Amino acid sequence: MSTIPAPKRLTLRPGAWLVWGAVAFFLLILLGVVGAVVVDSFGTKWFDGWLPSGWTSRWYGTTWREFDLGSVLWVTLEVALAVVVVSLLVGVPAAYALARRAFPGKRVLMVAFLLPILIPPITYGVPLATVLYKFHLAGKLTGVILANLVPAVPFVILVMTPFIEQIDPKIESAARMCGASTRVIFTRILGPLLVPGMLAAAILVLVRTVGMFELTFLTAGPDSQTLVVALYYSVSAAGIRAQQEIDAMAVIYTLSMLVLLVAALRFVNPTQLVTQIKETD
Amino acid sequence: MASVAHPRIALRHRLAERGLDRTLLLLIPAIIFVVALFIYPFVYGLQLSFQPQPGSEAVRRYGSGPFADYRDFFADPYLRNTIWTTLKIGLPAALFNVLASVPIAYRMRGRFRGKRTITTILVVPITLGTVLTAEGLLAFMGPAGWLNRVLMDLGVVDHPVRLTHNYWGVLFSLIITGFPFAFLLTLSYLTGIDPTLERAAATLGAGWWQRFRHITLPLLAPGLGITFCLSFVLAFSVFPSAIMVGDPSGQTRVISIAAFHAAFEQYDYPMASAIAMIMGAVELIVIGAVLGWRSRLYRGATGGKG
């Protein structure tokens with residue numbers, strides 16, 4: 001690539017300006033959407049005018065106390081970590097079997113694993129919530145975790161299968177030739193090789209679970225709301241609370257998501273990830 | 001072990017030759033999981049939708065036959081129209097997201113400085129989630145928001161444009177959350193196309209439009225089909241933003257609101273399941289049509305990766 005100069009003579013064409021203009025316009029709108037929330041959360045009063053009439057940070061304190069955000073964040077963390085751990089424990093072995101073996105019925109199984117991602121959460125969320133209520137699991141932390149696992153496990157399988165496919169099976173055979181048992185192969189040979197992929201899958205599942213609204217909303221009870229559901233309830237109860245408190249909560253949510261995102265992007269290149277997922281079907 | 005012609009070992013060998021061995025036991029937790037938490041609830045919902053709840057509207061109108069809830073859905077315009085409302089929001093949003101991402105991704109397919117930064121910024125809206133986007137739209141595009149102020153100061157309009165609590169608010173929220181996703185997918189399909197093909201065409205004297213129209217676009221089309229399907233799934237299941245920035249009892253009463261209303265406000269789970277099943281069916285019809293069109297396209301080894 002370094003010897004051939006890339007064909008980059010289109011930079012000053014009107015088409016280029018149009019495209020970059022569109023990107024800039026989109027980013028400007030995005031900045032406005034996020035900025036309006038952030039500015040309002042620090043303002044004393046903002047009815048009319050470009051900016052609030054004064055600045056304060058007290059809304060963060062009141063929103064933290066009134067919505068009991070400490071316990072909400074704790075629930076969010078509990079749900080997200082439980083979903084990550086269980087989805088990896090269930091998903092990675094399945095991905096290994098799918099990557100290494102061709103067997104009758106594999107295509108059917110792949111479709112069954114893909115459907116929870118292709119069907120919108122509300123469609124299966126309503127029957128799922130009905131079943132969970134029938135078994136008295138919904139409204140509790142267990143129900144929320146179970147519901148969030150439904151898209152998480154297929155997601156882990158989808159990310160890990162191509163990752164395991166690219167690990168040369170000869171390494172395992174060589175270890176077996178040298179007398180390693182199955183347990184040793186998994187802990188000493190495959191484990192270390194799988195860590196980067198598992199880390200990527202774990203962080204993506206974490207981001208998706210923290211951001212998942214529909215399934216948590218359908219199954220959560222008063223004590224098992226995650227941050228995004230608490231935010232939704234505070235918005236729909238607007239009028240009782242000051243708008244700035246809701247915006248302060250939204251900023252807290254955005255910040256926690258941004259931290260996760262920045263962490264995720266250190267391990268995962270988003271464009272490559274999508275290509276890898278694509279290659280499985 | 002192999003010296004004795006034991007029938008059990010022979011069977012195990014024959015199975016192993018067809019790919020069935022103990023490795024497949026690793027699949028069992030995942031299979032139990034999918035059956036218990038996805039297939040069983042789905043089947044349960046399906047059979048529940050054929051057992052209308054005694055005393056519900058549907059039973060009073062159409063008797064307690066198995067199809068009462070479905071008949072009620074299609075006879076009641078307030079319920080039936082949610083399908084069109086959802087499609088009217090979901091299809092344009094998905095189409096716009098895919099079509100807008102093609103020129104931008106085409107421009108950004110090469111390597112240049114700052115590409116990673118721009119990709120990162122574009123991923124941010126995915127993490128914002130629908131709730132925060134809706135909240136931001138209310139503040140930004142509301143009657144006293146920054147957007148209306150700019151428009152009025154520029155003299156484009158003389159009174160605030162109504163962009164929230166109606167169709168446009170929901171459409172904007174779907175574009176803001178959906179576009180980055182469509183863009184990332186399109187970009188990854190585009191970078192998967194072998195760049196030497198285009199260079200060969202350029203050597204033969206093809207202009208950029210000819211190269212795009214006859215080389216890149218045909219190879220990209222299958223990927224665009226998949227991108228459209230996934231964007232449509234996201235847009236079709238619009239729920240929180242339709243309530244928050246939309247007009248949930250009128251213009252943007254989408255099908256997921258109807259399902260939620262039936263389940264958790266009327267406590268009519270059979271009706272809610274019926275609506276959920278109709279929702280899934282409509283979505284799969286659209287996806288099936290797109291994938292059917294896609295299967296007629298060229299999907300060679302040279303790129304596209306679709």
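Picking from A:ARG100, A:ARG107, which residue would you name as being out of contact with any Leu (no Cβ under 8 Å at 6 or more places or on another chain), more than 8 Å from chain B (Cβ to nearest Cβ), at pLDDT below 90 and over 23 Å from B:SER49 (Cβ atoms)?
Answer to the selection: A:ARG107.
Please find, among B:THR177, B:THR164, the residue that is more than 11 Å from chain A (Cβ to nearest Cβ) and touching a Leu at 6+ places or on another chain (Cβ under 8 Å).
B:THR164
For the stretch A:209-225, check the following and say yes or no: at least one residue is touching a Gly at 6+ places or on another chain (Cβ under 6 Å), over 18 Å from A:LYS140 (Cα atoms) and part of a helix (DSSP H, G or I).
Among the residues of the stretch A:209-225, at least one is touching a Gly at 6+ places or on another chain (Cβ under 6 Å), over 18 Å from A:LYS140 (Cα atoms) and part of a helix (DSSP H, G or I), which makes the answer yes.
Enumerate the helices (runs of 4 or more DSSP H) found wholly within the stretch A:12-115, keeping only those where 3 or more residues are hydrophobic (A, V, I, L, M, F, W, C).
Helices (runs of 4 or more DSSP H) meeting the threshold: A:14-41, A:69-100.
Return the only residue of B:LEU46, B:LEU11, B:LEU91, B:LEU87 being within 30 Å of B:PHE179 (Cβ to Cβ) and surrounded by fewer than 18 Cβ atoms within 10 Å (Cβ to Cβ).
B:LEU91
Identify all residues within the stretch B:103-117 that are at the interface with chain A (Cβ under 9 Å from one of its Cβ atoms) and over 26 Å from the mean Cα position of the chain (by Cα); write none if there are none.
Residues satisfying the conditions are B:GLY110, B:ARG111, B:PHE112.
Which one is nearest to A:TYR253 (Cα to Cα) among residues in the stretch A:177-219 that are exposed (fewer than 14 other Cβ atoms within 10 Å of the Cβ) and of a type in the set (D, E, K, R)?
Looking at the filtered set, the residue picked out is A:ARG188.
Taking the condition among the hydroxyl-bearing types (Ser, Thr, Tyr), at pLDDT below 85 and crowded, with 19+ Cβ neighbours inside 10 Å, does B:SER188 pass?
yes
I'm checking my understanding of the structure. Among residues of the stretch A:22-77 that are over 30 Å from the mean Cα position of the chain (by Cα) and more than 14 Å from every other protein chain (Cβ to nearest Cβ), which one is farthest from A:MET249 (Cα to Cα)?
A:GLY54
Could you please tell me which pairs satisfy a Cβ distance under 8 Å, a separation of 6+ or placement on different chains, a first residue in the stretch A:51-75 that is in contact (Cβ under 8 Å) with a residue 12 or more places away in the chain, and a second residue that is β-branched (Val, Ile, Thr) and part of a loop (DSSP other than H, G, I, E, B)?
That search, which allows pairs on different chains as well, returns A:PRO52/A:THR44; A:TRP55/A:THR44; A:THR56/A:THR44; A:VAL72/A:THR226; A:VAL75/A:THR226.
Taking B:VAL170 as the residue in question, decide whether it is more than 9 Å from chain A (Cβ to nearest Cβ) and outside any loop (DSSP other than H, G, I, E, B).
Here the answer is yes, as B:VAL170 does meet what is asked.
Condition first: over 30 Å from B:LEU197 (Cα atoms), surrounded by 24 or more Cβ atoms within 10 Å (Cβ to Cβ) and among the aliphatic types (A, V, I, L, M). Now tell me which residues in the stretch B:209-242 satisfy that.
B:ALA235, B:VAL238, B:ALA242
Would you confirm, using the coordinates I've provided, whether A:TYR133 is crowded, with 16+ Cβ neighbours inside 10 Å, over 21 Å from the mean Cα position of the chain (by Cα), assigned by TED's automatic domain parsing to the domain that holds A:LEU81 and aromatic (Phe, Trp, Tyr)?
For A:TYR133, the condition - crowded, with 16+ Cβ neighbours inside 10 Å, over 21 Å from the mean Cα position of the chain (by Cα), assigned by TED's automatic domain parsing to the domain that holds A:LEU81 and aromatic (Phe, Trp, Tyr) - is met.
What helices (runs of 4 or more DSSP H), lying completely within the stretch B:200-302, carry at least 2 residues that are among the small types (Gly, Ala, Ser) and within 20 Å of the chain's Cα centre (by Cα)?
B:217-236, B:240-244, B:255-264, B:269-294
The values are calculated or read from the model by the stated rules, or taken from the named source; none is laboratory data. Bear in mind the structure is a predicted one, so any value in this text is a computation, not a measurement. Reconstructed Cβ throughout: ideal geometry from the backbone, glycine too, with neighbour counts over all protein chains shown.
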